[in-house]
Amino acid sequence: MAKEPSNPTIEASAAVQPRAGLAGAVFDSHEAIFTGEYVTLTAEQAKARKHRGQWIALGLITFCILIFLITMTRMGQNLMVGGS
Amino acid sequence: MDFVRLMKPRVMSLVVFTALAGLVAAPGDMHPFTAAVAILAVALGSGAAGALNMWYDADIDRLMARTAHRPVPAGLIAPADALGFGLIMSVISVMLMALAATPLAAALLAFSIVFYVVIYTMWLKRSTAQNIVIGGAAGAFPPVIGWAAVTGNAPIDAWILFGLIFLWTPPHFWALSLWTSKEYARAGVPMLPVTRGAAETRRQILIYTLIVAPFGLAPVATGLGGWIYLVVASLGGIAFLYGAVRVFFSRAGDDNVRADLRRAHVLFGISIIYLFALFAALLIEHALPMVYWPAGLGAG
């Protein structure tokens, strides 16, 4: 069991109770209330997250480069057509 | 690696190959780089459709041994991740096609993704025994997309290639379903052997093969295919028909008749080689004009 932190801010937020009914659903349900518990990733999960991040970064960079090269190629073709 | 499997790489390879054939067979020039991006867009679009299919079908996939190991039913990828991946890849593929090729090619790519996911996967697959007949149209679009990427239009030759895959899909898939019908029945998917029985499926396979084998020669009539294509389509058509006749006169798919299923396996293999060979012949003839022109058959 995680030890309860003695932080006044956390204690204050934990004291806030969600309002009942529609107002609670709209205004309170998405508010995070700090419980003092943490999720610790296993080494395997951390490695998987790192790999996912690297693949997403690679994908984004490739996408940007592709868009740039397509634009240059199409512009070049249009200029050649216009010039001839 | 699981995300690669989510994109159905084997299906993708056939989709890319037929799209490439359409792109090469189309008259006109396309910059090699934009042509490569157009093919990449088709591959991504195919993968996106595969991912969305696996997301939606996870409930029935886990009931069938053939599909239970797929990433979503096996728990390797969360359904929401598969959905997000499929949607993002769909948008990227259509965007790339629109930028690199033509608006028509991008529109056809978008339509084929929607057709496969919404019309086939979500609607037809679970509601009618004709699911694979109508749904097969989604897999028939790639050569038309490849053609439209070059020319910006889709003439009769492009639609002949569409018709070829469209008519080829039912006998190809029903051959597979003859030995997987029990799994489909368990999952509640109304494949033809489940709803109409194995005998009717064997009859339908023969009927469709009798149509597709002569239809395979249509590109020669319009000048799209030359003498190499003529030889390949003739021999391939005979082999395809031979396989279908052997299945028709067998008891493949009947209860407790496992020996005859080998004929269905053989037909399934022949059908794949047949389609691959036809599009390979078109590719050779149009990519290597020196082989093609001396014959004097067809136009370049």
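Per residue and in Å³, how big is the convex hull formed by the alpha-carbon atoms of chain B?
Details: hull volume 34.7 nm³, N = 300.
In chain B, the Cα hull volume divided by residue count equals 116 Å³.
Mind checking the full-extension length gain between B:ARG186 and B:ALA107? Use 0.36 nm per residue of separation minus the Cα-Cα distance, one decimal, nm.
Taking B:ARG186 through B:ALA107 to full extension adds about 24.7 nm, to one decimal.
How high is the relative contact order of chain B? Use alpha-carbon pairs under 8 Å, at least six apart in sequence, and give a whole percent. Each step should come with its number before you reach the end.
Numbers: 508 pairs, mean separation 56.2, N = 300.
For chain B, the relative contact order is 19 percent.
Counting only other residues whose beta carbon sits under 15 Å from that of B:GLY188, what net charge do I get with K and R as +1, D and E as -1? Intermediate results must be reported in sequence, preceding the final value.
Numbers: positive: B:ARG62, B:LYS125, B:ARG126, B:LYS182, B:ARG186; negative: B:ASP57, B:ASP59, B:ASP61, B:GLU183.
Summing Lys/Arg as +1 and Asp/Glu as -1 gives +1.
R0 = 30 Å: FRET efficiency of B:LEU87 with B:MET1, Cβ-based, nearest 0.05? Mind dumping the intermediate values first?
On the way: r = 21 Å, r/R0 = 0.70.
My answer for the efficiency is 0.90.
Please compute the modelled spin-label separation between B:ARG126 and A:LYS50, points set 7 Å along Cα→Cβ, answer in nm with one decimal.
According to this spin-label approximation, the distance is 4.1 nm.
What is the dipole size for chain B, taken about its Cα centre, with +1 at each Lys and Arg Cβ and -1 at each Asp and Glu Cβ, in debye to the nearest 20? Don't jump to the answer; show the numbers that get you there.
Values: 18 positive and 13 negative charges, 177 e Å.
Using Cβ point charges on Lys, Arg, Asp and Glu, chain B gives about 860 debye.
Return the FRET efficiency for the residue pair B:ILE238, B:LEU76: r is the Cβ-Cβ distance, R0 is 51 Å, and the value is rounded to the nearest 0.05. Mind dumping the intermediate values first?
Numbers: r = 43 Å, r/R0 = 0.85.
Efficiency for this residue pair is about 0.70.
In whole Å, what three semi-axes, largest first, describe the equivalent ellipsoid of the protein assembly as shown built from its Cα gyration tensor (square root of 5 times each eigenvalue)? Please report the intermediate quantities before stating the final value.
On the way: eigenvalues 413, 204, 53 Å².
With the √(5λ) rule applied to the protein assembly as shown, the semi-axes are 45, 32, 16 Å.
Could you bin all the Cα-Cα distances of the range B:1-150 into 5 Å bins starting at 0 and give me the percent of pairs in each, rounded to whole numbers?
Going out from 0 Å in 5 Å bins, the range B:1-150 shows 2, 11, 19, 22, 19, 13, 8, 4, 1, 0 percent.
With helices defined as uninterrupted DSSP H runs, which ones in chain B have an alpha carbon span along their own long axis of at least 18 Å and mean Kyte-Doolittle hydropathy of at least 1.6?
Details: long enough: B:9-25 (24 Å, 1.78); B:32-56 (36 Å, 1.34); B:79-100 (31 Å, 1.85); B:156-187 (42 Å, 0.56); B:198-215 (25 Å, 0.73); B:227-248 (31 Å, 1.74); B:261-287 (39 Å, 1.52).
Qualifying helices, which must be both long enough and hydrophobic enough, are B:9-25, B:79-100, B:227-248.
Restricting things to alpha carbons, find the Rg to Rh ratio for the range A:41-84 using the Kirkwood radius for Rh.
Values: Rg = 19.0 Å, Rh = 13.0 Å.
When Rh is taken as the Kirkwood radius, the ratio is 1.46.
Counting other beta carbons within 10 Å of each residue's own, what order do A:VAL39, B:VAL247, B:VAL220 fall into, fewest first?
A:VAL39, B:VAL220, B:VAL247
Which of B:LEU20, B:LEU210, B:LEU109 moves the most in a Gaussian network model of chain B with Cα springs under 10 Å?
B:LEU210
On full extension of the chain, what length is gained from B:PHE249 through B:ALA221, given 0.36 nm per residue of separation minus the C-alpha to C-alpha distance?
Working: separation 28, 0.36 × 28 = 10.08 nm, distance 3.22 nm.
Full extension of this stretch gives 6.9 nm more.
Which order results if A:THR62, B:THR34, B:THR209 are arranged by neighbouring Cβ count within 10 Å, fewest first? Numbers along the way, then the final one.
Working: A:THR62 10, B:THR34 20, B:THR209 28.
Fewest-to-most Cβ neighbours within 10 Å comes out as A:THR62, B:THR34, B:THR209.
Could you work out, residue by residue across A:63-69, how many beta carbons of other chains sit within 10 Å of that residue's beta carbon, and then give the average as an integer? Please list the in-between numbers first.
Values: counts 3, 0, 0, 9, 5, 0, 4.
Going residue by residue through A:63-69 and averaging, the value is 3.
Give the order of B:TYR116, B:TYR242 when sorted by the count of other beta carbons within 10 angstrom, beginning with the fewest.
Working: B:TYR116 23, B:TYR242 15.
Taking fewest neighbouring Cβ atoms as first place, the list is B:TYR242, B:TYR116.
Can you give the FRET efficiency for B:VAL231 and B:PHE33, using 1/(1 + (r/R0)^6), R0 = 41 Å, r = Cβ-Cβ distance, to the nearest 0.05?
0.75
Readers should treat all values here as calculations from the given coordinates under stated rules, not as data from a laboratory. None of these values were measured; they are calculated from a predicted model. Don't worry about glycine lacking a Cβ; one is built from the backbone with ideal geometry, like all the others, and counts go over all protein chains shown.
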